[in-house]
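No value in this document is a laboratory result; all are computed from the given coordinates. The structure displayed is predicted, hence computed values, not measured ones. Here the Cβ is made from the backbone with ideal geometry for all residues, glycine too, and neighbour counts use every protein chain on show.
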Amino acid sequence: MTTRHIELSEKLCDYVLDVSLREPPVLRRLRQQTAHLPMASMQIAPDQGQFMALLARLVGARRCLEIGTFTGYSALMLALALPPDGRIIACDIDPETTAIARRYWQEAGVADKIELRLAPALGTLDALLADGRAETFDFVFIDADKENYDHYYERALRLLRPGGLIVIDNVLWGGWVADLRRKDADTVALRALNAKLHRDERIDLALLPLADGITLARKR
Ligand code: CA
């Protein structure tokens, strides 16, 4: 088999970060603090965060939605990339991890840009739709419980304006999506969503093998 992607040795990964990562000190501190938590692997990689911030700027994002906030790294990265009137609605259910998030948002001076909604995200998204917020968002990041990904995606698509972007995290799920012996609920849900998006005519699509796999879905 030919090599279709460059092989990323640890040395090359370090090089990539050395020559491209521009992580503000406040984000580095947040990442280091989160690394000590039991669920540390839920934090996105810094180069992924920087990529998402670039994407948000490319689509001219002002209204953003995040589904799954954890300790707030991605929301903070996005908030710093938004214009002064940019706003993020961040959905999560964990008061403890999001208390860390709030502290760092405050410290970075962007707390007023981020509205945290501590409730199951499906309820928050339905409330936004009921409030007439359909087609008012520019950018959505989906990174919460995998079994609900399809429900998040469908609601996100309605909340997004045409030309807006949905970024979906963990779509390669450590490689398990390609191993058909894996039949756990998370893997099955991700595999089904990947297959569905492949033929979904409502979006333009790219699946990037960056970090744990990121899907970009641009609403047509
Ligand atoms: Ca994730």
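Computed values, structure above
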item	result
Solution diffusion estimate, µm²/s, Stokes-Einstein, the range 1-44, Kirkwood Rh from C-alpha pairs, 25 °C, viscosity 0.890 mPa s	192
Per-q log10 I(q)/I(0), the range 119-220, q = 0.13, 0.14 Å⁻¹ (Debye; single scatterer per alpha-carbon; no solvent)	-0.45, -0.51
Cα-centre dipole for the range 1-66 with unit charges at Cβ (Lys and Arg positive, Asp and Glu negative), debye to 20	360
Debye intensity ratio I(q)/I(0), log10, the chain, q values 0.08, 0.11, 0.14 Å⁻¹ (C-alpha model)	-0.27, -0.53, -0.88
The range 1-76 - Debye-derived log10 I(q)/I(0), Cα point model, q = 0.20 Å⁻¹	-1.02
Debye, to nearest 20: dipole size of the chain, +1 on Lys, Arg Cβ, -1 on Asp, Glu Cβ	480
Contact order normalised by residue count of the chain, Cα under 8 Å, 6+ apart, percent	16
Centroid-to-centroid separation of the range 162-201 and the range 1-43 [C-alpha atoms, Å]	22
